[in-house]
Structures are given as structure tokens and as C-alpha cells.
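Bear in mind that the values in this text are calculations on the coordinates, not laboratory data. If you're wondering where the values come from, they're calculated on a predicted model, not measured in any experiment. Virtual Cβ from ideal backbone geometry, glycine too; neighbours counted across all protein chains shown.
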Amino acid sequence: MNKITSKIVTGAPTRRSVLRGAMTGAVAALAMAIGGNYVGHAEAADPAAEKIAAHFSSVKTMTGEFVQFGPTGQQTGGKFFIERPGKLRFNYEDPSPVRVISDGKSVVIGNRKLRTWDIYPLSKTPLKLLLAERIDLDGKMIKSVDVEPDLTTIVLGDRTIFGRSTITMMFDTNTYELRQWTIRDPQGKDTTVMIFNVQSDVRFADSVFKVPYKQVHQSRNTSGR
């Protein structure tokens, strides 16, 4: 499905060790997202946050594995592919029939078992902030930045665009690498994604982020949406 030429490999924990520590990390992420020790937007960005933002901007493509924790604690995993700006794919491992694809314009969620698709404008979802070219630490999207010795947490959102939805991104303060993110939906429910065995600076075939619009529209017509 994809052509990969790896340049950097960051971290190589086993899946078992990641799963053992995943719940602890997810709980910590959710606690901080709810309102832990965040500092408000300052006039001058923290130097560590600036370095993280610069590093994040330089990484255009990523692939690896993920563990996802849903609002009720349900756990799923799989492989992810990101090409910024705007493109993402989640292939969930069996038995989950779900796949998520963003082609830079739309985000679609497909269910292979039910043969259904949901479609959303990328510009109206917090995923837009994860997939943006850069994090503007002086921009209005920044809600808070918290720099700790091990983790730097950046919360982004804009009520006029995303309503009450936000995305909390957590980076390794020392290596500047993205470790996980939490999306809070308009109902205040959190979904956390932790990533590991990450490769950056990779090449993907065009088909990786291709949205099957014909199937999407057929699904919507069939369901009457």
C-alpha cells in the first residue's frame, strides 16, 4: 500500500510494553487536557516550545503504530500514516472494521463490515491542527502551553471553528518528538492516540491517502444522509 524509505526511527518499544504503559500515559494526558498545570498564552513562547514547533514543522511525513483509547476506555490499535499538510490514514487492526482517511480536504470514516462511510470537512475538525504545516505559538489557535522536564503539552482549538472541540498534543521535551494527542469532542469526551515505532521522512504512494468518494457518496445515498 505504501512505499517507505526510512530516514529516522524514533523509539522502538515492544507492543507489549507500550500497552502496559499506555493506560497510564492516556490517563495523564486526559488529566492535563481537562485542566491540570497549564499556563496561559504568554507574550513570548517558551524556547523549548519554539524548538518543538520548529521540529514538528520540519517533519512532513510519519508512519508507525498507534494505540487508541476511546471515551469509555475502549482500546484499539493499528498503523498510521501522516503526510502534512492535511493527509492522514488510520488502518485499525482486526477485528475492528474501521479505517480513517484524510486527503487534505475531507476526513472519511469507513466501516468495512457495514459498508458505510461518514464524511466531514477537514477544516472543521481538530485534526486540521495536527496536520497543519506548523504550530503557530503566537496564533489564536493556541489555548495553552505547558513545558515540563519530560513532556511539553500544547492545547489548540478555536471555538469559532471547532466549537468546544480541542486537540492536546504531547511532545518529548528533549527529543521534540510527538508522542500522543487527545481530541476532545463537543460533548467533552476524550479520545487519546499514542504513537510508537515511528519512522519519519518517508515516501508514500498516492493511493495511501485516496478517499473513495464514489463509495462514500453511494453509502450516503443509501442511508438517506
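Could you please report the charge total around Lys128, scoring K, R as +1 and D, E as -1 over all other residues with beta-carbon less than 12 angstrom from its beta-carbon? It would help to have the intermediate numbers written out before the result.
Working: positive: Arg84, Lys87, Lys105, Lys124; negative: Glu133, Asp158.
So the environment of Lys128 carries a net charge of +2.
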Inter-label distance, nm, simple model (7 Å from Cα along the C-beta direction), Ala54/Gln215: 4.3 nm
Which whole-angstrom value gives the distance between the alpha carbon centres of the range 65-103 and the range 149-181? 18 Å
Kindly provide the trypsin sites (Lys or Arg not before Pro) of the range 99-177 that DSSP labels as loop, not H, G, I, E or B, and whose Cβ sees at most 14 other Cβ atoms within 10 Å. Lys105, Arg112, Lys113, Arg115, Arg134, Lys140, Arg164
Quote the FRET efficiency, to the nearest 0.05, computed for Leu114 versus Ile161 with a Förster distance R0 of 45 Å and r equal to the Cβ-Cβ distance. 0.90
Shape verdict for the range 80-163, please, from the Cα gyration tensor: rounded (a/c under 1.5), prolate (a/b greater than b/c) or oblate. prolate
Would the range 92-133 count as rounded, prolate or oblate if I go by the C-alpha gyration tensor, calling it rounded below 1.5 in a/c and otherwise prolate when a/b exceeds b/c, oblate otherwise? prolate
Mind sorting Glu50, Glu133 by how few other Cβ atoms lie within 10 Å of their own Cβ, fewest first? Glu133, Glu50
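In which sequence would Thr61, Thr152, Thr125 go, from the one with the fewest C-beta neighbours within 10 Å to the one with the most? Kindly include the intermediate steps, with their values, before the conclusion.
Numbers: Thr61 17, Thr152 23, Thr125 20.
Lowest to highest Cβ neighbour count: Thr61, Thr125, Thr152.
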Considering only lysines 8 or more places apart in sequence, or on different chains, count the pairs in the range 112-216 whose C-alpha atoms sit under 24 Å apart. 14
